[in-house]
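> For reference, the structure I am asking about is given below.
The values are calculated or read from the model by the stated rules, or taken from the named source; none is laboratory data. If you're wondering where the values come from, they're calculated on a predicted model, not measured in any experiment. When we count neighbours, we look across all protein chains shown, and the Cβ atoms used for this are built from the backbone with ideal geometry, even at glycine. Quick note on the areas: whole protein, heavy atoms, side chains included, nothing else; ligands and nucleic acids left out. Shrake-Rupley method; radii C 1.70, N 1.55, O 1.52, S 1.80 Å.
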Amino acid sequence: MPEKNIILTGDRPTGRLHLGHYVGSLKRRVELQDSGKFDAINILIADDQALTDNADNPGKIRDNIIQVVLDYLSVGIDPKKCTICVQSALPALHALTFYYMNLVTTARLSRNPTVKAEIQMRGFADEGLPAGFFAYPVSQAADITAFDANVVPVGEDQLPMIEQAREIVEKFNRTYGETLIMPKAVIPENAIQRRLCGVDGKAKMSKSLGNCIYISDDPKTVKKQVNGKMFTDPQHLQISDPGHLEGNVVFTYLDAFCTDEHFSRYLPDYANLDEMKAHYRRGGLGDGTCKKFLINILEETLQPIRAERAKWEADIDAVYDILREGTARAQEVTNATLARVRKAMRIDYFDDRSIIKEWEALLRK
Ligand code: TRP
């Protein structure tokens, strides 16, 4: 097989995407898309994976497919350069998952740290663990290999999934001959971008905690989240008091979003974030000023995204066609991989009639 550079990445459509997604992956995807270094970029809306812990609520997944596509398009993911597709419409992924399940032990699946944490979080430890959820890393290996992806840009929490996929590829190729491409995870270099905390400083951003800023939030909501919920330094009571940066969420977000140009536009007292931080530490810089600066930066980031979203929201027909066409292209690619896999496993009985000769010879023995 010729060496190609192919990306697969994806999201579960369980909610609108937030600033954590934006700095941790969406921005990066647009850069990768515009780098011209890739032969194909595939973005999978993993609705089947979302169902593994939402079996009783398929309506939620159905509603969020459109939200997630709109989020993609509004940040600048270009459907001419990327294939955006829906997992449930790719039956090859289901077949691959079924074959790969035989190459993984339940003991190995039990050790997956991300799945372990998610089992706790979702209360499956007490209620009973759906087999589909337990096995979703196998289905994710199917996603990745079906597209022949060698590059998988993901958040840090996904590293165990890629590791598991790599083991499956190794085992498959060892058992059935070189067939699958070995994938590699790519995570953001910058620690803050890898894991942006919620506005309340909690490590996990979640809808139920109400601590996210969504990329589709309106200016009023953004302002409310920053002014009303964002933690600063609880010991910084008077403006003149020295301030602390550790655990100060406003500065965490500034670290993630602000550039030197933002200072000349909105806070010309400082040349850069280091100068601003130094003043905050010394005392004399108020939290209100810091928050106002952050709101200006977030608005500058989000305004064009909102405008782009509004355009697409006015033409859902076009969005639907993007998804349909992307999914059709993905069907071709993933079906071809499945055919190759079946051939390697020698279960391609109906691709040609050569097995008749084989069976006849066997019976003559
Ligand atoms: N598990 C990923 C998440 O929760 C979503 C996902 C599904 C994915 N299939 C994928 C990511 C394949 C990368 C590659 O965000």
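> Output the residues belonging to the range 7-44 that are closer than 16 Å to ILE305 by Cβ, touching a strand residue (DSSP E or B) at 6+ places or on another chain (Cβ under 8 Å) and more than 13 Å from the ligand (Cβ to nearest atom).
Once the filter is applied, which keeps residues that are closer than 16 Å to ILE305 by Cβ, touching a strand residue (DSSP E or B) at 6+ places or on another chain (Cβ under 8 Å) and more than 13 Å from the ligand (Cβ to nearest atom), the range 7-44 yields ARG16, LEU19, GLN33.
> Pick from ALA149, ALA141: which is under 28 Å from ALA330 (Cβ atoms) and assigned to a loop (DSSP other than H, G, I, E, B)?
ALA149
> So, one more: Can GLN238 be described as away from the ligand (no atom under 16 Å from the Cβ) and either of a type in the set (Val, Ile, Thr) or open to solvent by less than 60 Å² (accessible area, probe 1.4 Å) (or both)?
no
> Next up: Of all residues in the range 125-172, which are of a type outside the set (Asp, Glu), open to solvent by 20 Å² or more (accessible area, probe 1.4 Å) and over 30 Å from LEU196 (Cβ atoms)?
If the condition is that a residue be of a type outside the set (Asp, Glu), open to solvent by 20 Å² or more (accessible area, probe 1.4 Å) and over 30 Å from LEU196 (Cβ atoms), then GLY128, ALA131, LYS171 are the ones that fit.
> Being open to solvent by 40 Å² or more (accessible area, probe 1.4 Å) and free of Cβ contacts under 8 Å to residues at least 60 places away in the same chain is the filter here; which residues of the range 191-200 pass it?
Listed by number, the list holds a single entry, ALA191.
> Next up: Is it the case that the range 176-194 has a residue that's in a loop (DSSP other than H, G, I, E, B), in contact with a Lys or Arg (Cβ under 7 Å, 6 or more places away or on another chain), aliphatic (A, V, I, L, M) and under 26 Å from ASN5 (Cα atoms)?
Yes - at least one qualifying residue is present in the range 176-194.
> Go through (1) within 16 Å of the ligand (Cβ to nearest atom); (2) among the β-branched types (Val, Ile, Thr); (3) open to solvent by less than 30 Å² (accessible area, probe 1.4 Å) and name the single condition VAL250 misses.
For VAL250, the exception is condition (1).
> Shifting gears a bit: What are the pairs, 6+ residues apart or on separate chains, where a residue within the range 102-121 that is open to solvent by 50 Å² or more (accessible area, probe 1.4 Å) has its Cβ under 6 Å from a residue that is modelled with pLDDT of 95 or more and part of a helix (DSSP H, G or I)?
Cβ pairs passing all conditions: PRO113/PRO160.
> Return the only residue of ASP53, ASP71, ASP63, ASP47 being within 16 Å of the ligand (Cβ to nearest atom) and over 15 Å from the mean Cα position of the chain (by Cα).
Just a single option satisfies the conditions, and that option is ASP53.
> What pairs come up if the first residue lies in the range 29-57 and is among the aromatic types (Phe, Trp, Tyr), the second is within 16 Å of the ligand (Cβ to nearest atom), and their beta carbons are under 8 Å apart, counting only those six or more places apart or on different chains?
What qualifies is PHE38/ASN5; PHE38/ILE6; PHE38/ILE7; PHE38/LEU32; PHE38/VAL151.
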